[in-house]
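A quick write-up on the structure given underneath.
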Amino acid sequence: MKIGLQKRDWILIAIVLCVAGLTVLVHTFVGGAGANRVVIKKEGAIEGIYSLSEDQEVEINNGTNRLKIKNGEASMSWADCPDQLCVHQKPVSLNHESIICLPNKVVVEVESGANREFDAVTN
């Protein structure tokens, strides 16, 4: 079976690929800018805030999870949950990336330490 693509089809494919590439670049260079700390939350309450620039290992939730911060990245190095999904997630380092351990109700989120002038805009 032969698929015949016309010139218009190739132009559309090129435009879609360019837009996708630009989106990735913007997220990588603008979205991740200024990320310098991880915020650890247990059931929505902040349990700790740690710098990504300092290599360390943090015990979370009385030892149910262990977070490893190394070379500006954070990864879950150990957890007592049965599925181990949080341990197998890739290390996070960009602004708003997160690691979530649902069984232990732990969220680790990377964010910028800079204070924002506005948290939200409403009418």
Handout entry: Residue-level accessible surface for residue 100, protein heavy atoms, 1.4 Å, Å²
Key = 80 Å²
Exercise for the section: Could you please put 59, 47 in sequence from largest to smallest accessible area, using a 1.4 Å probe? Expected result: 59, 47
Problem - All aspartates and glutamates inside 15 Å of residue 90 as judged from Cα atoms, apart from same-chain residues fewer than 8 positions distant - result: 73, 109
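The values are calculated or read from the model by the stated rules, or taken from the named source; none is laboratory data. This structure is a prediction, so every number in the text was calculated from the model and none was measured. When the accessible area is computed, the model is the full protein with side chains, heavy atoms only, and any ligands, DNA or RNA have been set aside. Shrake-Rupley method; radii C 1.70, N 1.55, O 1.52, S 1.80 Å.
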